[in-house]
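*Asks:* Below is the structure I would like to discuss, written out as structure tokens.
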Amino acid sequence: MIGDNHGEVAVKRTWYSRANRISGYLIVTFCWVMYLVFAAFPDQQDPAGLLLPFLIFFPISVLAWLFFIRPELVATDSQVVIRNLLVQTGIPWEAVRSFDGREKYLKVVTANREYVAFGTEIANISLFRSRTPNENVAAELTEILRQRKARDPGDGMIIRRPFLPGPKVLIGPALVLAAGFILYYA
């Protein structure tokens with residue numbers, strides 16, 4: 001969203017694949033429900049208890065989160081943030097040269113290299129669309145970039161760091177794990 005905020009461009013926009021998010025949430029929910037079912041109705045002959053369902057379903061849910069829910073592209077006032085599987089890259093607007101949405105993944109082009117955003121929409125399902133979703137995102141980002149360059153041409157530093165999930169991401173799994181223990185030992 002672009003709005004006039006005391007002469008500045010106010011930007012906070014997020015792009016992600018809706019189909020991937022829905023699939024990811026369905027897989028995570030299925031894994032958590034199956035874990036709770038195994039916890040609520042344990043096999044009396046099973047010496048592993050909750051360990052086996054945990055070792056099966058939680059890695060699947062973590063991988064679903066990493067591949068389907070986590071990836072996204074965020075535009076803020078100061079930078080474009082690419083959140084891929086294990087790496088988060090913050091690219092200041094000053095370092096961005098262009099956006100390329102013509103291929104399978106959207107690319108953010110800087111002076112030194114291209115950064116690929118895996119989290120944007122990939123397919124052009126409708127034959128009636130003249131442009132793919134990635135091309136629409138690239139056009140929107142190019143317009144924001146044009147406004148920013150006209151206002152503040154400069155040079156910024158690209159920050160690339162590994163991603164570590166924050167506490168908000170860990171609340172759901174912790175609650176499901178605790179509920180599993182309560183169901184199993186009750």
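The values are calculated or read from the model by the stated rules, or taken from the named source; none is laboratory data. Bear in mind the structure is a predicted one, so any value in this text is a computation, not a measurement. Backbone-built Cβ (ideal geometry, glycine too); neighbour counts: all protein chains shown.
*Asks:* Do you know which of the residues in the stretch 160-183 that are in contact with a Leu (Cβ under 8 Å, 6 or more places away or on another chain) and not in a helix (DSSP H, G or I) is modelled with the lowest pLDDT?
*Replies:* Ranking the qualifying residues of the stretch 160-183, first place goes to PHE163.
*Asks:* If you take the residues of the stretch 53-72 that are over 19 Å from TYR25 (Cβ atoms) and in contact (Cβ under 8 Å) with a residue 40 or more places away in the chain, which of them is surrounded by the most Cβ atoms within 10 Å (Cβ to Cβ)?
*Replies:* By that ranking, first place goes to PRO53.
*Asks:* Moving to a separate point now. Go through ILE125, ILE56 for me and flag whichever is within 30 Å of ALA186 (Cα to Cα) and either modelled with pLDDT under 90 or hydrophobic (A, V, I, L, M, F, W, C) (or both).
*Replies:* Answer to the check: ILE56.
*Asks:* Just for strands (runs of 3 or more DSSP E) wholly inside the stretch 24-107: which have at least 2 residues that are under 17 Å from the mean Cα position of the chain (by Cα)?
*Replies:* Output list reads 72-75, 79-83, 87-92.
*Asks:* Quick one: in the stretch 78-119, of everything that is at pLDDT 90 or above, within 22 Å of TRP65 (Cβ to Cβ) and among the hydrophobic types (A, V, I, L, M, F, W, C), which residue is surrounded by the fewest Cβ atoms within 10 Å (Cβ to Cβ)?
*Replies:* The qualifying residue surrounded by the fewest Cβ atoms within 10 Å (Cβ to Cβ) is VAL87.
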